[in-house]
C-alpha cells in the first residue's frame with residue numbers, strides 16, 4: 001500500500017425517482033458539490049473530472065462532452081482535464097480504473113467522478129425506442145424484435161432451466177431488493193412494499209419476466225471523489241476505501257454469440273480480482289452486483305463465488321441476502337428498487353458500496369463491521385462482466 005495508492009474519500013447522491021422539475025445540470029452540480037464537501041476539499045482542489053454519460057438526451061450528452069460542467073462548477077482554467085468513459089452498465093468500474101491510474105501515475109491529484117440521468121422524466125416512448133435499438137445488433141436481432149426486456153428474459157429462462165429455480169424463487173430476488181430499498185431514503189421505491197404474490201400477479205412482459213421484475217426508469221445522480229492515500233492522510237481522514245482488486249472479461253456483442261447465457265462472464269472475471277486482493281468471496285462482507293433483471297444478479301453472485309452454482313435464487317427465497325441475512329446484497333435496493341438510472345445504475349451501486357465501507361449508510365441500513373465489498377458491473381446486453389473489490393481501511 002503506497003502513498004500514491006488511489007482511495008475514495010467522498011460521495012454525493014440525489015434521490016432517485018421521477019423529478020421533472022430537477023434540471024439535469026443542476027443535479028450534476030449538486031452531487032458534485034456534495035461529494036467535494038464530503039471529501040473535505042474545496043471545489044478548486046479538483047484537477048480532473050471524469051464523466052459518466054447520460055442516455056436521456058443527445059443535447060445533455062453533448063454538454064457533458066464539451067465541458068459545460070467545468071464552467072458550471074466555476075472551474076474554468078483550473079481543471080487539467082475532463083472527459084467521459086462509456087461502457088454501458090459497467091462504466092463505473094472502468095471509470096474508477098481510469099481515475100485510479102491517473103492518481104497512481106501522478107497525472108491527477110483529486111478526481112471528481114460525476115453521473116446524472118433523467119430517464120424517469122424523459123418521454124417514455126423515446127426511451128423505449130432507445131432501449132430497443134442501442135446495443136441490439138441491427139443486422140440480425142433487432143429485425144426479429146429483440147429488446148432489452150427480451151434479452152433479460154432469455155437470460156432468466158436459461159438460468160431457471162439450468163438451476164431449477166421457480167418463478168417464486170426468482171420473484172424473491174425482487175422482494176429482497178425492495179426490502180433494502182425500504183431502508184434507503186434515496187431509493188425510488190423507499191415507501192412501497194413488495195411481496196412475491198404481487199410480483200407473480202403482475203403483468204407478463206416477456207416470458208418469464210413480469211412487470212414487477214423489470215427495472216423502472218428513474219432520474220438520479222451520484223458523485224465520488226478519489227485521491228491518493230497520502231493526500232487523504234494530509235486531509236485528516238480516519239477511514240478511506242481502497243481498490244483491493246479488479247478483473248473483467250468482454251464476452252460478446254450480440255447476445256446470440258454468448259453460449260452460456262445463463263452464466264454470462266462472471267466466473268471468468270472474478271479469479272484475477274480475488275488473486276490481486278489476496279482474499280476470496282468467503283471474506284466479503286457485502287456485495288453490490290448489477291441487477292437490471294433478477295437472473296443477471298443471481299448469475300453474478302454464483303459466478304463470483306458468493307453463492308453455490310444454481311442456488312442463488314433459493315438463497316434469496318430463504319432471506320440469506322435480505323436485511324439481516326448472511327450476506328447483504330445490493331443494500332441500496334439495486335436497479336430493481338432504487339431505480340434504473342441508465343448507465344448510472346452501476347454508479348449508484350458503487351456509491352453505496354463506498355458508503356457502506358465508510359460506515360455512512362445510516363442506522364437502519366448500515367452493515368455493521370463491513371470492511372470488504374464485491375462490486376460487479378455489466379454493460380449493454382451484458383457483453384462484459386466487470387469486478388471491483390473494495391476495502392475500507394485506515395488512512
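No lab work stands behind these numbers, since they all come straight from the coordinates. Here the structure is a predicted model, which means the values were calculated and not measured. All Cβ positions, glycine included, derive from the backbone under ideal geometry; neighbour counts span all protein chains shown.
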Considering only the range 121-144, state which residues are free of Cβ contacts under 8 Å to residues at least 24 places away in the same chain and over 28 Å from residue 188 (Cβ atoms). 138, 139, 142, 143, 144
Would you be able to say whether some residue in the range 35-57 is under 16 Å from residue 344 (Cα atoms) and free of Cβ contacts under 8 Å to residues at least 60 places away in the same chain? no
Would you mind stating whether residue 264 is farther than 24 Å from residue 92 by Cβ and either in contact with a helix residue (DSSP H, G or I) (Cβ under 9 Å, 6 or more places away or on another chain) or in a helix (DSSP H, G or I) (or both)? no
Tally, over the range 194-208, of residues that are more than 16 Å from residue 172 (Cα to Cα) and without any contact (Cβ under 8 Å) to a residue 12 or more places away in the chain: 2
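When you look at residue 391, is it under 21 Å from residue 10 (Cβ atoms) and either in a loop (DSSP other than H, G, I, E, B) or over 14 Å from the mean Cα position of the chain (by Cα) (or both), yes or no? I'd like the intermediate steps shown before the answer.
Working: under 21 Å from residue 10 (Cβ atoms): yes; either in a loop (DSSP other than H, G, I, E, B) or over 14 Å from the mean Cα position of the chain (by Cα) (or both): yes.
For residue 391, the condition - under 21 Å from residue 10 (Cβ atoms) and either in a loop (DSSP other than H, G, I, E, B) or over 14 Å from the mean Cα position of the chain (by Cα) (or both) - is met.
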Give me a count of the residues in the range 170-208 that are under 28 Å from residue 310 (Cβ atoms) and buried (at least 22 other Cβ atoms within 10 Å of the Cβ). 12
Picking from 319, 379, 369, the residue that is out of contact with any helix residue (DSSP H, G or I) (no Cβ under 9 Å at 6 or more places or on another chain), in contact (Cβ under 8 Å) with a residue 40 or more places away in the chain, surrounded by fewer than 24 Cβ atoms within 10 Å (Cβ to Cβ) and part of a loop (DSSP other than H, G, I, E, B) would be 369
Considering each residue of the range 270-285, count those that are touching a strand residue (DSSP E or B) at 6+ places or on another chain (Cβ under 9 Å), farther than 13 Å from residue 388 by Cα and part of a helix (DSSP H, G or I), and give that number. 1
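Within 24 Å of residue 193 (Cβ to Cβ) and part of a helix (DSSP H, G or I): which single residue out of 350, 335, 357, 327 fits that description?
Working: 350 fails: within 24 Å of residue 193 (Cβ to Cβ); 357 fails: within 24 Å of residue 193 (Cβ to Cβ); 327 fails: part of a helix (DSSP H, G or I).
Criteria check complete, one pass: 335.
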Across (1) surrounded by fewer than 24 Cβ atoms within 10 Å (Cβ to Cβ); (2) out of contact with any helix residue (DSSP H, G or I) (no Cβ under 7 Å at 6 or more places or on another chain); (3) closer than 18 Å to residue 115 by Cβ, residue 363 clears everything bar (3)
Just a yes or no: is a residue in the range 224-239 surrounded by fewer than 20 Cβ atoms within 10 Å (Cβ to Cβ) and within 19 Å of the chain's Cα centre (by Cα)? no
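Taking the range 289-316, which residues are farther than 14 Å from residue 385 by Cβ and either outside any helix (DSSP H, G or I) or in contact with a strand residue (DSSP E or B) (Cβ under 6 Å, 6 or more places away or on another chain) (or both)?
Within the range 289-316, 293, 307, 308, 309, 310, 311 meet the criteria.
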